[in-house]
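Readers should treat all values here as calculations from the given coordinates under stated rules, not as data from a laboratory. From a predicted model like this one, the values you see are computed outputs, not experimental measurements. Positions of Cβ are backbone-derived with ideal geometry, glycine not excepted, and every protein chain shown enters the neighbour counts.
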Amino acid sequence: MKIITWNINGIRAALGKDALEWAFAQQPNVLCLQEVKARPEQLNEEQRAQLKLPHFWNPAQRPGYSGVTSFYKQQPDEIVVGMGNDLFDVEGRVVQTVQAGCRLFNIYFPNGQRSFERVEYKLAFYAHLLELCDELHRRGESIIITGDFNTAHMPIDLKNPKQNEKTSGFLPEEREWVQKFLDHGFVDVYRRLYPEKVQYTWWTYRLNARQRGIGWRIDYFLISENLMPRIKDVIIHEDVMGSDHCPVELVLE
């Protein structure tokens with residue numbers, strides 16, 4: 001089973017660059033896209049023809065903003081939109097799919113913004129999701145959370161940690177929430193498999209950051225601990241272009 005996550009920074013722009021051809025060519029069981037921005041009815045016939053798998057779309061109420069789409073080979077046993085809280089669900093940030101014995105969250109986490117005006121909202125989002133996941137774990141469910149977390153967890157996860165200690169995305173309170181998920185039965189699969197490896201999944205468009213290797217690892221797969229025996233690999237496809245993020249792939253039995 002293969003799951004790919006990718007913040008594509010606008011699905012129409014990605015389709016215009018033929019960026020999604022790579023993703024569909026990998027034949028993933030599930031493809032999770034974040035920050036699709038457009039609503040499905042805004043795609044023209046040619047663009048819709050490029051979408052090679054059945055999919056479920058959760059757009060934001062605000063036009064041209066946020067939005068996630070989950071593509072799948074096999075119809076999920078269940079599809080859930082959002083997290084059951086209007087405060088967050090109006091922004092089109094979550095699609096849950098249930099299949100192969102686990103619940104997959106495709107999530108575009110809020111950005112705290114440079115001026116910090118969205119940090120409290122972002123932390124509240126983390127808190128609500130963890131409360132939901134705690135309840136699902138109590139019920140015996142296995143969970144995969146993937147997407148753009150908009151937070152680098154540890155200093156190894158970004159090129160310039162010291163210079164970014166007061167930057168949203170690496171604030172202590174944001175990093176603490178990622179740690180809370182790990183303390184509540186989740187595993188950062190990539191870091192478990194590759195404790196010392198330095199790779200990034202996002203680069204600012206400014207100052208040739210990607211070419212210069214100045215990036216952040218903010219796109220993750222967090223999984224329930226009991227799923228670890230099924231894990232084969234996590235691959236960061238840093239050479240795949242088409243967005244300011246690159247795709248990340250989880251391979252499991």
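As I understand it, the dipole of the chain uses +1 on the Cβ of Lys and Arg and -1 on the Cβ of Asp and Glu, about the Cα centre. Which of Asn58, Thr146, Val248 lies farthest toward its positive end?
Among Asn58, Thr146, Val248, the one farthest towards the positive end of the dipole of the chain is Val248.
Using just the helices of the chain, give the 222 nm mean residue ellipticity in deg cm²/dmol: DSSP H runs with n ≥ 4 each add -39,500 (n - 2.57), and the total is spread over all residues, rounded to 500. Don't skip to the end; give the middle numbers.
Numbers: 7 runs with 59 residues, N = 253.
Using -39500 (n - 2.57) per qualifying helix, the result is -6500 deg cm²/dmol.
Sort all Cα-Cα distances of the chain into consecutive 5 angstrom bins from zero, then give the percent of pairs in each bin up to the one containing the longest distance.
Cα pair-distance distribution for the chain, in percent: 1, 6, 14, 19, 22, 18, 13, 6, 1, 0.
Can you compute the FRET efficiency between Gln42 and Gln179 using 1/(1 + (r/R0)^6), with r the Cβ-Cβ distance and R0 = 41 Å? Round to the nearest 0.05.
Values: r = 38 Å, r/R0 = 0.93.
E(calc), rounded to 0.05, equals 0.60.
Is segment 1-103 best put as rounded, prolate or oblate by its Cα gyration tensor, with a ≥ b ≥ c the root eigenvalues, rounded for a/c under 1.5, and otherwise prolate when a/b is larger than b/c, oblate when not? Each step should come with its number before you reach the end.
Details: a/c = 1.91, a/b = 1.04, b/c = 1.84.
Note, shape of segment 1-103 comes out oblate.
Among rounded, prolate and oblate, which fits segment 1-60 when a ≥ b ≥ c are the square roots of the eigenvalues of its C-alpha gyration tensor, a/c under 1.5 means rounded, and a/b larger than b/c means prolate?
On the way: a/c = 1.56, a/b = 1.34, b/c = 1.17.
Taking the square roots of the gyration eigenvalues as a ≥ b ≥ c, segment 1-60 is prolate.
What is segment 105-249 by shape, rounded, prolate or oblate, if you read a ≥ b ≥ c off the alpha carbon gyration tensor as root eigenvalues and call it rounded for a/c under 1.5, prolate for a/b larger than b/c, and oblate otherwise? Write down the numbers at each step before the final one.
Details: a/c = 1.93, a/b = 1.27, b/c = 1.52.
It is oblate, given that a/c is not under 1.5 and a/b is not larger than b/c.
Based on the Cα coordinates of segment 178-224, what is the per residue volume of their convex hull in Å³? Mind showing how you got there, number by number?
Numbers: hull volume 3.5 nm³, N = 47.
That works out to 75 Å³ per residue.
Take Lys197 and Arg12, extend 7 Å from each Cα along the Cα→Cβ direction, and tell me the distance between the two endpoints in nm.
In this crude spin-label approximation the distance works out to 3.7 nm.
Once each part is reduced to its C-alpha centroid, what is the distance from segment 1-43 to segment 124-195 in angstrom?
Rounded to whole Å, the Cα centres lie 23 Å apart.
Stretched out fully, how many nm does the piece from Arg206 to Glu21 gain, at 0.36 nm a residue minus the Cα gap? Don't jump to the answer; show the numbers that get you there.
Working: separation 185, 0.36 × 185 = 66.60 nm, distance 2.58 nm.
Here the answer is 64.0 nm.
Please list, by residue number, every one of the GluC sites (Glu not before Pro) in segment 78-181 that is coil in DSSP and has at most 10 other beta-carbon atoms within 10 Å.
Glu117
With the cut-off at 31 Å, tell me which of the pairs Lys166/Lys197; Lys166/Lys232; Lys2/Lys162; Lys122/Lys159; Lys73/Lys159; Lys17/Lys166 have Cα atoms farther apart than that. Write down the numbers at each step before the final one.
Numbers: Lys166/Lys197 24 Å; Lys166/Lys232 36 Å; Lys2/Lys162 35 Å; Lys122/Lys159 23 Å; Lys73/Lys159 36 Å; Lys17/Lys166 35 Å.
Pairs exceeding 31 Å: Lys166/Lys232; Lys2/Lys162; Lys73/Lys159; Lys17/Lys166.
Among Gly10, Leu158, Ile231, whose Cα sits farthest toward the positive end of the charge dipole of the chain (+1 at Cβ of Lys/Arg, -1 at Cβ of Asp/Glu, about the Cα centre)?
Leu158
Compute and list, largest first, the equivalent-ellipsoid semi-axes of segment 77-160 from the alpha carbon gyration tensor, each √(5λ) rounded to a whole angstrom. Could the numbers behind the result be given before it?
Details: eigenvalues 117, 52, 27 Å².
For segment 77-160, the ellipsoid semi-axes come out as 24, 16, 12 Å.
Can you give the charge dipole size of the chain about its Cα centre, rounded to the nearest 20 debye, using +1 on the beta carbon of Lys and Arg and -1 on the beta carbon of Asp and Glu? It would help to have the intermediate numbers written out before the result.
On the way: 30 positive and 34 negative charges, 121 e Å.
Its charge dipole is roughly 580 debye.
Taking loop as defined by DSSP and a crowding limit of 11 other beta carbons within 10 Å, which trypsin sites (Lys or Arg not before Pro) in segment 92-174 fit? Kindly include the intermediate steps, with their values, before the conclusion.
Values: sites: Arg93, Arg103, Arg114, Arg118, Lys122, Arg138, Arg139, Lys159, Lys162, Lys166; in loops: Arg93, Arg114, Arg118, Arg139, Lys159, Lys166.
Those that pass, being in a loop and sparsely packed, are Arg114, Arg139, Lys166.
Which far-off residues, 5 or more places away or on another chain, put their amide H under 5 Å from the one on Cys102, with H placed in the peptide plane?
Residues meeting the criterion, in which the H sits 1.01 Å from N, do not exist here.
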